[in-house]
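See structure below.
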Amino acid sequence: DVKVTQSSRYLVKRTGEKVFLECVQDMDHENMFWYRQDPGLGLRLIYFSYDVKMKEKGDIPEGYSVSREKKERFSLILESASTNQTSMYLCAWGTGTTLRTQYFGPGTRLLVL
Amino acid sequence: AQTVTQSQPEMSVQEAETVTLSCTYDTSESDYYLFWYKQPPSRQMILVIRQEAYKQQNATENRFSVNFQKAAKSFSLKISDSQLGDAAMYFCAYKRGAQKLVFGQGTRLTINP
């Protein structure tokens with residue numbers, strides 16, 4: 001089974017700090033995704049990447065950026081954290097096969113004070 | 001834009017009984033994928049079941065089955081012989097475009113012993 005790890009399960013940061021959330025997969029899959037999850041809103045796509053150095057905006061990219069320098073690692077960056085970015089962040093990877101399924105990491109709960 | 005609606009924010013069922021979670025979606029596409037994900041209190045999102053829209057036969061995975069009504073754009077999840085370990089948030093999701101998932105708001109399922 002593919003394993004997806006996220007750098008932290010819980011994170012507390014202050015407003016204005018630069019925050020890095022890292023996601024690492026242990027297989028050679030091209031497609032990786034960052035979502036945020038908020039009560040009553042389900043999951044919303046922030047950014048995704050189909051390959052190294054490639055990135056595309058999802059539905060809510062404002063206030064975020066991403067980096068994919070290596071295939072196995074996809075980082076989400078909050079340039080200047082704000083309280084409205086307090087949320088659960090989920091990383092996912094997807095296959096390029098006909099199964100078209102995404103699999104998720106354990107998530108990082110970020111609190112911005 | 002495609003949307004996914006889960007009209008039941010919360011559901012509860014007695015252990016060993018059957019429960020059905022509802023999901024409707026809106027799309028103009030004819031070829032797509034539908035998924036049910038489960039998120040237990042530990043927060044790791046896991047895939048429960050998936051359905052390819054071109055397949056008329058409803059998907060089944062052990063105690064989990066779906067009722068896929070393409071014309072009605074309905075995709076409900078039936079859990080038979082409910083177990084305490086089934087307690088979780090359940091998310092319905094639709095795949096649009098290339099590897100983009102759209103999620104419903106989620107249904108919190110409680111299992112009463």
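The values are calculated or read from the model by the stated rules, or taken from the named source; none is laboratory data. Here the structure is a predicted model, which means the values were calculated and not measured. Here the Cβ positions follow ideal geometry from the backbone for every residue, glycine too, while neighbour counts run over all protein chains shown.
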Legend entry - Residue among B:S42, B:S65 that alone is under 10 Å from the mean Cα position of the chain (by Cα) and surrounded by fewer than 20 Cβ atoms within 10 Å (Cβ to Cβ): B:S65
Legend entry - strands (runs of 3 or more DSSP E) (entirely within chain A) containing at least 1 residues that are over 24 Å from B:Q6 (Cα atoms) and without any contact (Cβ under 8 Å) to a residue 40 or more places away in the chain: A:42-49, A:65-70
Inset, instruction - Return yes or no: is B:E10 in contact with a helix residue (DSSP H, G or I) (Cβ under 8 Å, 6 or more places away or on another chain) and modelled with pLDDT of 95 or more? - result: no
Legend entry - Residue selected from the stretch B:24-39 under the condition surrounded by fewer than 18 Cβ atoms within 10 Å (Cβ to Cβ) and among the charged types (D, E, K, R), by the criterion farthest from the other protein chains (Cβ to nearest Cβ): B:D26
Inset, instruction - Please indicate, with yes or no, whether at least one residue in the stretch B:79-91 is in a loop (DSSP other than H, G, I, E, B) and closer than 17 Å to A:Y35 by Cβ. - result: no
Legend entry - Residues (within 12 Å of another protein chain (Cβ to nearest Cβ) and not in a strand (DSSP E or B)) located in the stretch B:1-23: B:A1, B:Q2, B:Q6, B:P9, B:C23
Inset, instruction - For A:T101, work out the one condition from (1) modelled with pLDDT under 90; (2) surrounded by fewer than 18 Cβ atoms within 10 Å (Cβ to Cβ) it doesn't fulfil. - result: (2)
Inset, instruction - Looking only at the stretch A:10-24, count how many residues are surrounded by 13 or more Cβ atoms within 10 Å (Cβ to Cβ) and out of contact with any Ser or Thr (no Cβ under 8 Å at 6 or more places or on another chain). - result: 2
Legend entry - Condition check for A:K53: charged (D, E, K, R), loosely packed, with under 14 Cβ neighbours inside 10 Å, in contact with a strand residue (DSSP E or B) (Cβ under 7 Å, 6 or more places away or on another chain) and more than 9 Å from every other protein chain (Cβ to nearest Cβ): yes
Inset, instruction - Of the conditions (1) in a loop (DSSP other than H, G, I, E, B); (2) without any contact (Cβ under 8 Å) to a residue 60 or more places away in the chain, B:S65 clears all except one; give me its number. - result: (1)
Inset, instruction - Please list, ordered by first then second residue, the pairs with beta carbon atoms under 6 Å, 6 or more apart or interchain, first in the stretch B:24-40 and assigned to a loop (DSSP other than H, G, I, E, B), second surrounded by 21 or more Cβ atoms within 10 Å (Cβ to Cβ). - result: B:Y32/B:K95; B:P40/B:A88
